[in-house]
Every structure is written in structure tokens, then in C-alpha cells.
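The values are calculated or read from the model by the stated rules, or taken from the named source; none is laboratory data. Just so we're clear, the structure is a prediction, and the values are computed from it rather than from any experiment. Glycine gets a Cβ as well: all are built from the backbone with ideal geometry, and neighbour counts include every protein chain shown.
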Amino acid sequence: MERNEQPVGAATVTDVIEQACDLPDDDSVACADIVQQLETDNSAPLLLIPALAVVTPLSGIPGFSSLCGIAIALIAAQMMMCRSRAWFPGWLLHKRIPTARLRGAFGMLRKPARWIDTLTSQRMEIILDRPLVFAPQAVCLICGATMPLLELVPLTSSLLGALVSLMAIAMLARDGVLALLSMLGLCGVFVLGFSVVS
């Protein structure tokens, strides 16, 4: 069975956050700079950053959730196509984010990231090998594509971002148990939502 690419560069959630915060001291930073900072043969760190961003106060910036959703969908789709490097349209790469707000938002995540890193380990890795890994990648694609449609619905983007974050962390840490629990959690959300609507 073909293995998924192993983590290269950032190997933990803490690593990813530290790399994302290691930016030039300018007033704002282009998305291209963040991509360049995190891009390796493993796309999980790139997937994790926009997913985490929408669960921080950055989601209050108008249009930011849609921007992150588009990025998540693009990355997940290219992961499913087994691309070694993610492609982004120029207009997305040129979008700029205030550096101080970016560092402040991700700075809040340093302590939770260290705690998460103590809980994850390489377990049930078969779930993160092809073809099974296409399931969590497809979930990330659907969640990302849905975010722009739900931009004005409170908390929905943050909830979807949290779900994608769990999937990305599972792929980063090669933790199949976390991926499986995330999938089961998604099923529970769908069941709860259906029961509420009914």
C-alpha cells in the first residue's frame, strides 16, 4: 500500500504556529509569505493554518472566513490529487493580513498547541494512507467550500475550521485515532443538525 508523505519541516502543531508567526516586521503580511514559510512536501501545515485562523479573533475581519475557506478547499483538493506542492491563484497570494493581529491570534494558540502535541502520536496510521485518507481530505474540502456560503451565519465558520483543524492535526501527526474521532464527531454534528431541523 502506498504511504502518504511523511511530515517534513513542521512536525507538530507548535512547530506550525511558530513558523507561521516567524514573519517580517511589516505592518501587514501577504498570504504568499505564509505559504512560503510553511510549504514543504507535506501539505498538512498549510491546511492547518487557515483552519486555525478561523477559530481565532481573525475571523472577525470581513471576508476573512471566506478567504480561509477557499484556501482550505484548494489545499484539500490538491492533497486528494497527490500534488507535492499546493497551487494558489495570484489574487489569493496577494491578500494581506495585519501582522500584529496575525501574531496575536496565533500567539493565543501556543499553549493549547503544546497540550495537543502531548496527546497526539502515530496511531492507526492505515487510516491516513491512501485510499482511506481521501475521506478526511474530502471532509476538509467540503468544509472549506462551505465556509464562503455561510460567511454571515454566526459561528459556523469557526466550527468548520475547528473540524478541519482536527483533521489537519491528525494528518500532520499521523494520528489515525484523532482522524477517526473527528469523522465520528462530524457524523454526530450532522445527526444533531438534522434532528433540530426536523
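Below is a table of values for the structure above.
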| quantity | calculated |
| --- | --- |
| Of all residues making up segment 100-123, the number that are aliphatic (A, V, I, L, M) and buried (at least 16 other Cβ atoms within 10 Å of the Cβ) | 5 |
| Subset of segment 38-67 (residues that are out of contact with any Pro (no Cβ under 6 Å at 6 or more places or on another chain) and within 19 Å of Arg83 (Cβ to Cβ)) | Glu39, Thr40, Asp41, Ser43, Ala44, Pro45, Leu46, Leu47, Leu48, Ile49, Pro50, Ala51 |
| Yes/no for Lys95 being free of Cβ contacts under 8 Å to residues at least 12 places away in the same chain and of a type outside the set (A, V, I, L, M, F, W, C) | no |
| First in segment 10-35 and more than 24 Å from Ser65 (Cβ to Cβ), second anywhere and surrounded by 18 or more Cβ atoms within 10 Å (Cβ to Cβ) and among the small types (Gly, Ala, Ser), Cβ under 6 Å, 6 or more apart | Thr14/Ala113 |
| Any chance Gly63 is without any contact (Cβ under 8 Å) to a residue 12 or more places away in the chain, surrounded by fewer than 21 Cβ atoms within 10 Å (Cβ to Cβ) and more than 11 Å from the chain's Cα centre (by Cα) | no |
| For Val55: the one exception among (1) in contact (Cβ under 8 Å) with a residue 40 or more places away in the chain; (2) more than 18 Å from Ala170 (Cβ to Cβ); (3) not in a helix (DSSP H, G or I) | (2) |
| Segment 145-160, residues that are without any contact (Cβ under 8 Å) to a residue 60 or more places away in the chain and under 14 Å from the mean Cα position of the chain (by Cα) | Leu159 |
| So Leu46, is it in contact with a helix residue (DSSP H, G or I) (Cβ under 8 Å, 6 or more places away or on another chain) and farther than 25 Å from Ala138 by Cβ | no |
| Test for Ala71: is it in contact (Cβ under 8 Å) with a residue 24 or more places away in the chain and buried (at least 20 other Cβ atoms within 10 Å of the Cβ) | yes |
| Pair list, Cβ < 9 Å and 6+ apart or interchain, from segment 121-132 residues that are touching a residue at least 12 places away in the same chain (Cβ under 8 Å) and over 9 Å from Asp175 (Cβ atoms) to residues that are charged (D, E, K, R) and in a loop (DSSP other than H, G, I, E, B) | Asp129/Glu2; Asp129/Arg3; Arg130/Glu2; Arg130/Arg3 |
| Which listed residue, of Ala145, Ala168, Ala173, is over 20 Å from Asn42 (Cα atoms), buried (at least 16 other Cβ atoms within 10 Å of the Cβ) and at pLDDT 90 or above | Ala145 |
